[in-house]
Every structure is written in C-alpha cells, then in structure tokens.
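In what follows, a single structure is set out as structure tokens and then discussed.
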Amino acid sequence: IHILKNADYNKLTRYITANINETNLGILFALYTGLRIGEICALQWENIDFKTRVIHIKSTVSRINNNGKTEYILDVPKTKSSIRDIPIPKKLLAILKDSFAKRKSEFVISQADSFVIPRTFEYRYHKLLNELKIESINFHSLRHTFATNCISNGMDVKSLSEILGHANTNTTLQIYVHPSMEIKRRQIDKVIQ
C-alpha cells in the first residue's frame, strides 16, 4: 500500500488549492476526508451542510453489468457504516463555499447534469500527477495517505474508523494505517521520558 510522500503531498495540495476545478476538488476530498472515489463522484451539493460543516455520505457510483453492457448507477453504499457524516475540515470549507457559488451541476465534481464516472475521474487524477511530475500512485492511495496523516497527527482510531466508514477499528488499523519510523520514534519518545 502506497501513500504520497510528504514532498509530493505538499506539491499536490499547493497546486490544487491554487487551481481549483472539479477534478482538483475531488482530489482534495480524498486527501482531506478520505472519501472513496465512488463516494466523491456521487457527492451532491445537497449532501454538504455548510452551517454545521458536515458532509453526508449517502451514495456511491457503482458499476453494474446490464445484459453484458457496463453501466454506472448512483447507488447506496455497500455497508451500513459507509453511510456516515464527516466533518468538513476548515481548510476545505472556504474552497467548498467558493465552488458552490460557481457550481454548474448538482454533483460536486461535475459540470454536467450527471455524475463523473470513477474511471474518468481517475484518468484525470493520473494526468495531473504526470503534469506535476509526481509519482503515479493509485487514487485509493490518497485514502491511505489521509488515514496515515490522521494517525500521525494524533487522531484517535475510533474517530478515524467512523470517518472512513469502517465497521470496526481493526480494519482501519490493519489496512490503512502505516506508521513510519519517524512516527514510531515520536511515540516511543513520548512513553520513555
């Protein structure tokens, strides 16, 4: 499992926040909230409560087989724990308000009447990484990056697990959290004084 290197994370977030568009906003959602790609593509403005600073995750874009033909539909998340509320980070709030004022669609990362297909969105993401000369990592790795950053900055595992939409904390710990030697060093220095 890969995560963005700190230098690449900083380079990407600096570029994105200076050049907000629908694709870049979707990437910020992954980096700042840990949303899955299907959840980002399905996100509608009505799911964002600016007053309470909460994102309501109620749907995802799913790929289905319809008589041998692939179709994409707006669907409910696969698990009950995936339907959740996520606090909007302060860094994202102003960007969202500005994007809301300029919106062209009911979908947050679309300019059309419909959602963006995850594969299309991931293509745009890889194109941006290439343009910025950042190592190409899977889009889902941004979720890993978010989780690792949360843990390394002291977020408790239970809160992180709920934000990520996991049924239990073991999933969060085993799959998404990868402490570096520096994190381990800081933690052991806290204990041994």
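The values are calculated or read from the model by the stated rules, or taken from the named source; none is laboratory data. Everything numeric here is computed off the predicted structure, so don't read it as measured data. So basically every Cβ, Gly included, is an ideal-geometry build from the backbone, and we count neighbours across all protein chains shown. These accessible areas exclude ligands, DNA and RNA; they are computed on the full protein's heavy atoms, side chains included. Shrake-Rupley method; radii C 1.70, N 1.55, O 1.52, S 1.80 Å.
For the chain, the relative contact order works out to 26 percent when only alpha carbon pairs closer than 8 Å and six or more residues apart are counted. Average accessible surface for region 88-193: 60 Å² per residue, computed with a 1.4 Å probe over protein heavy atoms with every protein chain in place. Straight-line cross-link partners of residue 90 among the lysines, defined as a Cα under 18 Å from its Cα and at least 8 positions apart when in the same chain: 51. What Kirkwood radius, in Å to one decimal, follows from the Cα pairs of region 1-81? Over region 1-81, the inverse of the mean reciprocal pair distance is 14.6 Å.
With the simple spin-label model, which puts each label point 7 Å out from Cα in the Cβ direction, the residue 155 to residue 101 separation comes to 2.8 nm.
If we count GluC sites (Glu not before Pro) as exposed when they sit in a DSSP loop and have at most 15 other beta carbons within 10 Å, what is the longest stretch of the chain that avoids them all? So the longest stretch without any such site is 1-105.
Both radii come from the Cα set of region 83-143: Rg as radius of gyration, Rh as Kirkwood radius; their ratio Rg/Rh reads 1.00. Direction-averaged projected area, Cα convex hull, the chain: 12.4 nm², rounded to one decimal. Result for the chain in a Gaussian network model with C-alpha springs under 10 Å: among 88, 73, 163, the largest mean-square fluctuation is at 73. Extending 7 Å from Cα along the Cβ direction at residue 14 and again at residue 119 yields two label points whose distance is 3.6 nm. Rolling a 1.4 angstrom probe over the protein heavy atoms with all chains in place gives region 1-42 an accessible area of 40 Å² per residue.
The magnitude of the dipole of the chain, with charges of +1 and -1 set on the Cβ of Lys/Arg and Asp/Glu and taken from the Cα centre, is near 320 debye. Counting only residues at least eight positions apart within a chain, or on another chain, the lysines with an alpha carbon under 25 Å from that of residue 78 are 58, 69, 158. Annotation: aspartates and glutamates with alpha-carbon distance below 15 angstrom to residue 133 (same-chain offsets under eight excluded): 8. In the chain, the portion of solvent-accessible area held by carbon and sulfur atoms comes to 50 percent [1.4 Å probe, whole percent, DNA, RNA and ligands not counted].
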